[in-house]
């Protein structure tokens, strides 16, 4: 193993050059005009696998963007590892807030700044480079490996579940490994033990058949924008507790063990809030900030619109108003059931004079918890401890990675989540970045992990 680690260190300049080339593709899956860039990015990924010595490298067309797979299966009687990542990225707006162009990678203060650097091109490339280094130095891997790199994660992976079902036999493995999460802090690695699920809705409040003059009709009929605002305030009380009937019926966490684990983390709530420009937090009473983020469900208003919002005044009473909501879910909750509960609640609370329609949006996913007895956790702890010189902490994650639950539900395999971006990596925001010392040390830890999974 030492020879592999020395090779990684000696080839650092070439590995960073590859990272920069990978990040230059504007692979924004939500923009139809970027379809050629998506295909080019998938080709780059497939070519990397071929040059690394992997076999069965394929680019699979889908109804959307391509999926890339590759494998190495020459270790009989050894475990098979399914390594997942995604090459698509978020839009870059507002581009004016980027210090450097989002698809022209720039290194500053030991970080590389570019869209996709943390989420997820940089992190999946760490796995690709770790495997390539082992094959380059030894000619073989300690375990069998399958790579699955998709191009639609940022739009909810609409074509991935069908692909998993169709390719279930080809993708059969003993364990899935995903790096699309964070370390706890610089130099302090983490294993993620839970993800919240996700469901999104669009709410439409419908009033008169056309926009009305607010002088002629104001005060005489219900204003859809006002009614929407009133409806949304019924979702939570003043303490942040959700008021939708049945919403908490299947919710049980956090457990005493989870609360003790959270309390033991080196976390400064005041510093956390100051880092995003706030003096105080807000949320469900009776739970700490991290408990709310990791173990409690939520309803968030992502946007509202309707009527006139241009310059000057237009005294209109709009005929329709809209809002988008997202719900983060915990074990026991399902996206479809929560969507029905919220839709039923909003329709029941609607006043006479307006009609409410609620549409469940594509995408979403189930919540997930790490299996506590998963042997791979021991191997990951050892690999991270030896590489970073710190015992990794066990953390939660308030966001969602739907494919993790899909691996369990469709393929019947458990997942290990080990991330290497830092908490201030700004994924989905301007100036997204990847800390390069973590990139280097994390890649070394993945080399160790591949070896320790056989122990």
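Which one of these is under 21 Å from residue 18 (Cα atoms), assigned to a loop (DSSP other than H, G, I, E, B) and either touching a strand residue (DSSP E or B) at 6+ places or on another chain (Cβ under 7 Å) or assigned by TED's automatic domain parsing to the domain that holds residue 154 (or both): 102, 76?
When all the criteria are applied, what remains is 102.
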ask   = Among the residues of the stretch 329-344, which ones are buried (at least 20 other Cβ atoms within 10 Å of the Cβ) and part of a helix (DSSP H, G or I)?
value = 335, 338, 339, 342
request  = Name the residue, out of 177, 125, that is in a strand (DSSP E or B) and in the same structural domain as residue 19 (by TED's automatic domain parsing).
outcome  = 177
query = When you scan the stretch 165-192, how many residues do you find that are surrounded by fewer than 20 Cβ atoms within 10 Å (Cβ to Cβ) and closer than 25 Å to residue 122 by Cβ?
reply = 4
Filter pass, residue 399 being outside any helix (DSSP H, G or I) and surrounded by fewer than 19 Cβ atoms within 10 Å (Cβ to Cβ) = yes
Count of the stretch 369-378 residues which are in contact with a strand residue (DSSP E or B) (Cβ under 7 Å, 6 or more places away or on another chain) and modelled with pLDDT of 95 or more = 2
query = Within the stretch 112-123, is there a residue that is crowded, with 24+ Cβ neighbours inside 10 Å and either under 16 Å from residue 445 (Cα atoms) or modelled with pLDDT under 95 (or both)?
reply = yes
query = Failed condition for residue 417, given (1) at pLDDT below 95; (2) more than 22 Å from residue 300 (Cβ to Cβ); (3) within 17 Å of the chain's Cα centre (by Cα), with all others met?
reply = (1)
task = Tell me, yes or no, whether the stretch 40-56 has at least one residue that is in contact with a helix residue (DSSP H, G or I) (Cβ under 6 Å, 6 or more places away or on another chain) and either assigned to a strand (DSSP E or B) or not assigned by TED's automatic domain parsing to the domain that holds residue 139 (or both).
result = no
From 277, 283, residue being assigned to a loop (DSSP other than H, G, I, E, B), touching a helix residue (DSSP H, G or I) at 6+ places or on another chain (Cβ under 6 Å) and over 19 Å from residue 372 (Cα atoms) = 283
request  = Tally the residues that are more than 20 Å from residue 244 (Cβ to Cβ), touching a strand residue (DSSP E or B) at 6+ places or on another chain (Cβ under 6 Å), outside any loop (DSSP other than H, G, I, E, B) and without any contact (Cβ under 8 Å) to a residue 60 or more places away in the chain, restricting the search to the stretch 289-308.
outcome  = 1
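The values are calculated or read from the model by the stated rules, or taken from the named source; none is laboratory data. As the structure is a prediction and not an experimental result, all values here were calculated from the model. With ideal geometry, Cβ positions are generated from the backbone for all residues, glycine too; neighbour counts draw on all protein chains shown.
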